[in-house]
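Contents: one structure, followed by commentary.
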Amino acid sequence: MLKIAFTKKELEMLLDVVHFTPMQKRIIGYRMDEESRVKMADLEKVSVATIDREIKDIAAKIKKAYDNNMIVF
């Protein structure tokens, strides 16, 4: 599971640099609030598998931005 341990400033920088879908932004917020995948799925009215895919996509976008030196932590 993607652990989001960013400071508020790092998260703002990340959101400025990387394009996330509205759902992905909400999932990041849920993860910051330490919501479970099941709770996220219920809130978004999707399956847990969909949440898992979105989390995987979020992690890939963050990794790509980091690998391309678009973000520095």
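Just from its helices, what would the mean residue ellipticity at 222 nm be for the chain, if runs of 4 or more DSSP H residues each count -39500 (n - 2.57) and the sum is divided by every residue, rounded to the nearest 500 deg cm²/dmol? Before the final figure, lay out each step's value.
Values: 4 runs with 49 residues, N = 73.
Theoretical 222 nm ellipticity from helices: -21000 deg cm²/dmol.
What share of all Cα pairs of the chain, in percent, falls into each consecutive 5 Å distance bin?
P(r) for the chain, in whole percents per bin: 3, 16, 30, 26, 15, 8, 2, 0.
Quick check: pseudo-label points 7 Å beyond the Cα along Cα→Cβ at residue 15 and residue 34, how many nm apart are they?
Distance between the two pseudo-spin positions: 2.1 nm.
At a Förster distance of 22 Å, what's the computed FRET efficiency of residue 25 paired with residue 60, Cβ-Cβ distance as r, to 0.05?
0.90
Are any of the pairs 9/64; 39/64; 25/64; 9/61 more than 24 Å apart by Cα-Cα distance, and if so, which?
On the way: 9/64 19 Å; 39/64 28 Å; 25/64 17 Å; 9/61 18 Å.
Check vs 24 Å cut-off fails for 39/64.
Ignoring ligands, DNA and RNA, what accessible area per residue does the chain give at 1.4 Å, in Å²? Mind dumping the intermediate values first?
Details: 5040 Å² over 73 residues.
Here the per-residue accessible area is 69 Å².
Using a 1.4 Å probe over the heavy atoms of the protein chains, calculate the carbon and sulfur portion of the accessible area of the chain as a whole percent.
Working: 2740 of 5040 Å².
In the chain, the share of accessible area belonging to carbon and sulfur is 54 percent.
So how far apart, in nm, are the two label points at residue 52 and residue 8 if each is 7 Å from Cα heading toward Cβ?
3.5
Go through segment 6-20 residue by residue and turn each phi into a ³J(HN,Hα) via Karplus (6.51, -1.76, 1.60, θ = phi - 60°); whole Hz please, and just put x for glycine and proline.
Here the 3J(HN,Hα) series is 8, 6, 4, 5, 5, 5, 4, 5, 4, 5, 6, 8, 9, 7, 10 Hz.
The values are calculated or read from the model by the stated rules, or taken from the named source; none is laboratory data. Note that the structure is a prediction, hence the values are computed from the model and not measured. Cβ coordinates were reconstructed from backbone atoms using ideal geometry, including for glycine residues, and neighbour counts include every protein chain displayed. Surface accessibility is based on the protein's heavy atoms, side chains included, excluding ligands, DNA and RNA. Shrake-Rupley method; radii C 1.70, N 1.55, O 1.52, S 1.80 Å.
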